[in-house]
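A quick write-up on the structure given underneath.
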Amino acid sequence: MKISWSAYDTSATNFRPLVVIELAKDIKDETKEWLTQKIVEKKKNGGAQLLVKPLVEDGEKIEGNHNIYLVGASPLRLLLGAETVGLVKECNDNTMRAFTYTTRKAFKDFAEDNHDFLTMAECQYVIKHELENLRAKDENMIPGYPQAKLYPGKSIIRRLITNGILIQIFPLHDTEELKKLKHTWCGQVKVRYQPLDEIRCYFGETIAVYFAFLEYFTLALVPMAVIGIPYYFFDWEDYDKYVMLAAFNLLWSTIILEVWKRCCAVMAYRWGTLLMKRQFEEPRPGFHGVLGINPVTGREEPVYSSFKRQLRIYLVSLPFVCLCLYLSLHIMMIYFNLEHQAYLYHEENQSELSSLMLYVPSIIYAVVIEILNRIYRYAAEFLTSWENHRLESSHQNHLVLKVLVFNFLNCFASLFYIAFVLFDMKLLRQSLATLLITSQILNQFVEAVLPYWLQKRRTKSVKKKVKALDIDTDLSLLEQVNLEKGMDTYLGTFDDYLELFLQFGYVSLFSCVYPLAAVFAVLNNITEIYSDALKMCSIFKRPFSEPTANIGVWQLAFQTMTVISVVTNCVLIGMSPQVNALFPDSKMELILIVVLAEHLIIAMKFLMAFVIPDKPRDIQIKLARLEFESLEALKQQQMKLAAESLKEETR
């Protein structure tokens, strides 16, 4: 039986800061008092039942923002929160089960005095969950700000952020653990596997799964790179020979994704996220609507008309996306016009300068593509947020769909045009190489070099200011908070997966005409592993942990790319002089054979996906055993209740 929250005392004498809340400098005192009261208020009264204290006590003078608060929770409160969010932990019998407070002693390493049973990342995830679920009940505005309207069900934290009252919320780093992780992860430059379990314990499953996929994808690219190097040097200008590489490409792109699903299932089971229940996912913080009752859970939550959402999607978002796609195609035609002008210039002059000018349009187009992708990303985020999706998963799916459609067309439309309209394999190879290498250089500079340099400057400035202070507050904590609040915010794995998706497209779609594409992808990914690790440890604020069992909608995106790659590689094989020589008189027969081969390969691909289980046999058995034990426990509970009811009737 689930015990009421009011039965527990969740206060604590030892305060451990876990999360930082930075409020606006000019925030009104009544607003601060109201918010802090909301945070510490009991759950039954609509609060979060957490602990909060100011970073700097009243009366102490420091330069900068005084309105910074530290949020923590008692060990008991964190354990109860872990049950609420459905964290899965390892039991004494080595099985993975959802944690419950009443059965806490059945879990491995649990002890009443062991405050490390939950990792710091899990504790911060619990606090984030409780803060995000602070929703207005009787309030109609934020105290001190009449223009900041509230209504029942509105997320308080979201309203504070949109009105500029709350600047940011972020979890604190554990400086000692971070040093250890940084040393083992990116402290030494050498080829080795990443410490994925340590990454998961510190940053959470979402970050760990991304780095696991990045490592796996890099290793999966090695066979393509090994084959591509001799292929490139021995058959540099011989396009008749790319048939075998295209055939290998078809097999490779299908197998690696099926194997990844199995590897991911093993990891997710070990980390407990494979068992986490997501069917009753709570509304995301940005979701708004009239307060109502969820018919499944019986809880109060906002309700918004799905009809209104569909109108916004089909009458606003869809036309906007189509307009952006048209603009992308228009810019592509301008690029081809510049390409033609550069070619005419080269034909007239035949000099070294004119030879270099042939690459200038492709380089300019690659830069324009990166700029357009980033601008469109902001527009897609705004539109998806405006559509007001209830669940975070639904929000992400719509955002990914918008961004992928535009990025795919923006990055690959020119290559399809060159390959299947112009039939120019030499220009295709040149454009592919230029787009791939230019995008990799730009991404490394924008995502790693520039942020690292800016963060170095900020760190020196903060340390100088803190050393000049003379106050009673813990200077090490004060320095840490001031340093971390100035760091860039990690916006999630979206851009990282998008970069890998586009890279996968360059390799799988057309690499048979430029075999070194896989080589450059491997080299980029090796540096990406170290640069991303450095960013996570030194440049960005610590992100909140987010449980996940896989790469989500990106798995479908990569699988869709493999289907498209089957079509493109089959057509490229059909266009090759080698195959054309076999059908000198009947082109229609060639077309029919290519279409038939393409259909057979796609059918074989789906057959392989069906035959190869997503989860290894041992994981399937463990999951089935847990389901059986859960049903048996439910039966016993029902029998016990029936026996008690019968006993009452006989009295």
Query raised in the report: Longest exposed-loop-site-free stretch of the chain, with GluC sites (Glu not before Pro), DSSP loop and at most 11 other Cβ within 10 Å?
Result: 238-651
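Tell me the trypsin sites (Lys or Arg not before Pro) within segment 125-213 that lie in a loop according to DSSP and have at most 11 other beta-carbon atoms within 10 Å.
Passing sites in segment 125-213 are LYS190, ARG192.
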Report summary line: Under 5 Å from the placed amide H of ILE142, counting only residues 5+ away or on other chains, we find ALA148, LEU150
Query - Given charges at beta-carbon only (K, R positive; D, E negative), |dipole| of the chain in Debye - result: 1380 debye
**Report entry** Per residue accessible area of the chain, 1.4 Å probe, in Å²
**Finding:** 51 Å²
**Report entry** Dipole-positive endmost among PHE99, ILE169, ALA533 within the chain (Cβ charges, Cα centre)
**Finding:** PHE99
Requested in this report: Return the distance in nm (one decimal) between the two label points of a simple spin-label model at PHE382 and MET244, each offset 7 Å from Cα along Cα→Cβ.
Outcome: 5.3 nm
Requested in this report: Could you order ILE621, ILE539 by accessible surface area, starting with the largest, using a probe radius of 1.4 Å?
Outcome: ILE621, ILE539
Query raised in the report: Treating the beta-carbon of each Lys and Arg as +1 and of each Asp and Glu as -1, no other charges, what is the dipole magnitude of segment 75-192 about its Cα centre, to the nearest 20 debye?
Result: 500 debye
Query raised in the report: Which of the following values of Rg and Dmax of the Cα atoms in Å was calculated from the structure shown: [x] 28.5, 108; [y] 33.6, 108; [z] 25.6, 78?
Result: [x]
Report task. Can you tell me the 0 to 90 degree angle between the C-alpha axis of helix 120-132 and the longest principal axis of the chain, rounded to 10? Result -> 80 degrees
Requested in this report: First check a/c for segment 488-570, with a ≥ b ≥ c the square roots of the eigenvalues of its C-alpha gyration tensor; if it is under 1.5, answer rounded, and if not, answer prolate when a/b is larger than b/c or oblate otherwise.
Outcome: oblate
Report summary line: Between the Cα axis of helix 450-467 and the main Cα principal axis of the chain, the angle (0 to 90°, nearest 10) is 30 degrees
Query - Restraint check, LYS89/LYS635; LYS261/LYS635; LYS32/LYS154; LYS44/LYS622; LYS43/LYS179, Cα-Cα greater than 26 Å - result: LYS261/LYS635; LYS44/LYS622; LYS43/LYS179
Query raised in the report: Per-residue HN-Hα couplings for segment 378-387, Karplus 6.51 cos²θ - 1.76 cosθ + 1.60 at θ = phi - 60°, whole Hz, x for Gly and Pro?
Result: 5, 5, 5, 5, 4, 5, 5, 5, 5, 5
Report summary line: Placing each pseudo-label 7 Å from Cα in the direction of the beta carbon, ARG270 and SER586 end up separated by a distance in nanometres of 5.5 nm
Query raised in the report: Under the Karplus relation 6.51 cos²θ - 1.76 cosθ + 1.60, θ = phi - 60°, what is the ordered set of whole-Hz ³J(HN,Hα) values for segment 84-92, x standing for Gly and Pro?
Result: 4, 7, x, 4, 10, 10, 7, 8, 5
Query raised in the report: Using unit Cβ charges (K, R positive; D, E negative) and no other charged atoms, how large, in debye to the nearest 20, is the dipole of segment 483-623 about its Cα centre?
Result: 300 debye
**Report entry** Positive minus negative residues near TYR125 (Lys, Arg vs Asp, Glu; Cβ under 11 Å)
**Finding:** -4
Requested in this report: Leaving ligands, DNA and RNA out of it, report the carbon-plus-sulfur percent of the accessible area of the chain at a 1.4 Å probe.
Outcome: 62 percent
Query raised in the report: GLN168's amide H: which non-local residues (gap 5+, or another chain) put their own amide H closer than 5 Å, with H modeled 1.01 Å from N in plane and none for Pro or chain starts?
Result: GLU22
Report summary line: Relative to the chain, whose Cα atoms define the longest principal axis, helix 587-611 and its Cα axis are tilted in degrees, nearest 10, by 30 degrees
Query raised in the report: Using θ = phi - 60° and the Karplus curve 6.51 cos²θ - 1.76 cosθ + 1.60, what whole-Hz ³J(HN,Hα) does each residue of segment 428-437 get, with Gly and Pro shown as x?
Result: 4, 5, 5, 5, 4, 4, 5, 4, 5, 5
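The values are calculated or read from the model by the stated rules, or taken from the named source; none is laboratory data. Only a predicted model underlies this, so the values are computations on that prediction, with no experimental measurement involved. So basically every Cβ, Gly included, is an ideal-geometry build from the backbone, and we count neighbours across all protein chains shown. Ligands, DNA and RNA are stripped out before the accessible areas are found, and what is left, the full protein with its side chains, is counted by its heavy atoms. Shrake-Rupley method; radii C 1.70, N 1.55, O 1.52, S 1.80 Å.
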